[in-house]
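The values are calculated or read from the model by the stated rules, or taken from the named source; none is laboratory data. None of the values given here were measured: they were computed from a predicted structure. As a convention, Cβ positions derive from the backbone with ideal geometry for all residues, glycine included, and neighbour counts pool all protein chains shown.
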Amino acid sequence: MSATHQIAIVGARRVRQGTGPYLAAALARLGHDIRGIVGTSDGSVAEAERALRQDYHIQTKGYTSLAALLDEQTVDILVIASPHDTHLEYLRQGVTAGCHVFCEKPLWFPPLAEMPGSADDIADAVSRILAVAAVADLHIGVNLQWPFTLAHYRQLHPLPDDAAQIQSFDMRLSPASQGRAMVLDSAPHLISMLHALLGQGDAENLELRWQDDEQTRADIAFGYRHRAGATRVRLELSQSKQQPRPAGYAINGNAVERRVCMEDYVQSLAGGGGEVTMPDLLTESVRHFLEQAGNRAPGGEGGIVHSLRLLHQLVSAG
């Protein structure tokens, strides 16, 4: 039987697109103990406590600072589901306290208005914390769910075993945001798929075209040069404020789309004249992180830093 983890969650309230309550529910379903949650005010903490209790039967204690929670509770895993520009400080506190950390994507990115011209500042700040985590055998993971669809993609289309055979990868996403925020929200999903299929690489001849004046539709194209060769990549973005948001991808032109039944949130992948039901992808992502943390597996520091550098390049193009 796997060990029960003691969990702290920063950002457990459903605000805008927040996943905090869903992460809490997934961890509780898997048998782990939600020791405390962190919010920005007494009111937001009380609201999050009430929602977790009513919606998921999770009884926990709320705090307005992570330091107070860590001082009072025994925690071995920190979940960060707050806005992206707050992640770095929470990550630092979690690692200092000896916690494995599971973070919403991206691991960290500064406010768009303060984004540096070079990715070096972002990479350096994150690398320093990841180095400390590695020495302490702490696993750092990012909640990226799309790679878990690949096992189901194989049931609909052939999936090349050799990265050299992947000539093109296209992805279509529909974030609720617009402008550069749309790219920031969506590009981590694209990068996670490139890593899963092709490994780390470099973006060449990057071009971003806005399809309207309001910057609610964009087309991003580049060549992705990796160890096995080069792959044509395209990311199509179209704002959608309604759930479920259209999404899908194609490998060498063989396309699938994600379908979601909102009544019971059952997800499926459809393409090639067929459709396969998938397990909850968020739970799969959580389960994978817990396995890695339990095995004291390295956190993929190189991949995390590379993803942030590529993310900066894509967002800067916008």
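Name the single residue, out of those in the range 33-85 being charged (D, E, K, R) and assigned to a strand (DSSP E or B), that is farthest from Leu144 (Cα to Cα).
Among those residues, the one meeting the criterion is Lys61.
Looking at (1) in contact with a Gly (Cβ under 9 Å, 6 or more places away or on another chain); (2) loosely packed, with under 14 Cβ neighbours inside 10 Å, which one does Leu130 not meet, given that it meets all the others?
(2)
Which of (1) closer than 25 Å to Arg296 by Cα; (2) of a type in the set (A, V, I, L, M); (3) free of Cβ contacts under 8 Å to residues at least 40 places away in the same chain is the odd one out, the single condition Ile140 does not satisfy?
(3)
Looking only at strands (runs of 3 or more DSSP E) that lie completely in the range 97-200, which have at least 1 residues being closer than 15 Å to Leu314 by Cα and either β-branched (Val, Ile, Thr) or assigned by TED's automatic domain parsing to the domain that holds Ala221 (or both)?
Result: 168-173.
Can you tell which of Ile220, Ile191, Ile251 is touching a Ser or Thr at 6+ places or on another chain (Cβ under 7 Å) and among the β-branched types (Val, Ile, Thr)?
Exactly one of Ile220, Ile191, Ile251 is touching a Ser or Thr at 6+ places or on another chain (Cβ under 7 Å) and among the β-branched types (Val, Ile, Thr), namely Ile191.
Which strands (runs of 3 or more DSSP E) does the range 211-318 wholly contain that include 1 or more residues that are over 27 Å from Gly179 (Cα atoms)?
217-226, 229-238, 254-261, 266-271, 274-278
What are the pairs with Cβ atoms under 6 angstrom where one residue, in the range 61-88, is under 17 Å from Asp185 (Cα atoms) and the other, located anywhere, is loosely packed, with under 15 Cβ neighbours inside 10 Å and at pLDDT 95 or above? Sequence gap at least six, or different chains.
As it stands, the answer is Asp85/Pro111, since those pairs meet every condition given.
Any residue in the range 191-216 that's basic (Lys, Arg): show its pairings with residues that are buried (at least 19 other Cβ atoms within 10 Å of the Cβ) at Cβ separation under 7 Å, as long as the two are six or more apart or on different chains.
Arg209/Ala218
Looking at (1) within 29 Å of Lys241 (Cα to Cα); (2) at pLDDT 95 or above; (3) not in a helix (DSSP H, G or I), find the lone condition where Ala26 falls short.
Among (1) within 29 Å of Lys241 (Cα to Cα); (2) at pLDDT 95 or above; (3) not in a helix (DSSP H, G or I), Ala26 violates only (3).
Just wondering, is there one or more residues in the range 44-53 that are of a type in the set (Asp, Glu) and surrounded by fewer than 16 Cβ atoms within 10 Å (Cβ to Cβ)?
No, there is no match, as no residue in the range 44-53 is of a type in the set (Asp, Glu) and surrounded by fewer than 16 Cβ atoms within 10 Å (Cβ to Cβ).
Which residues, taken from the range 215-244, are under 12 Å from Leu198 (Cβ atoms) and among the small types (Gly, Ala, Ser)?
Gly223, Ala228, Gly229, Ala230, listed by residue number.
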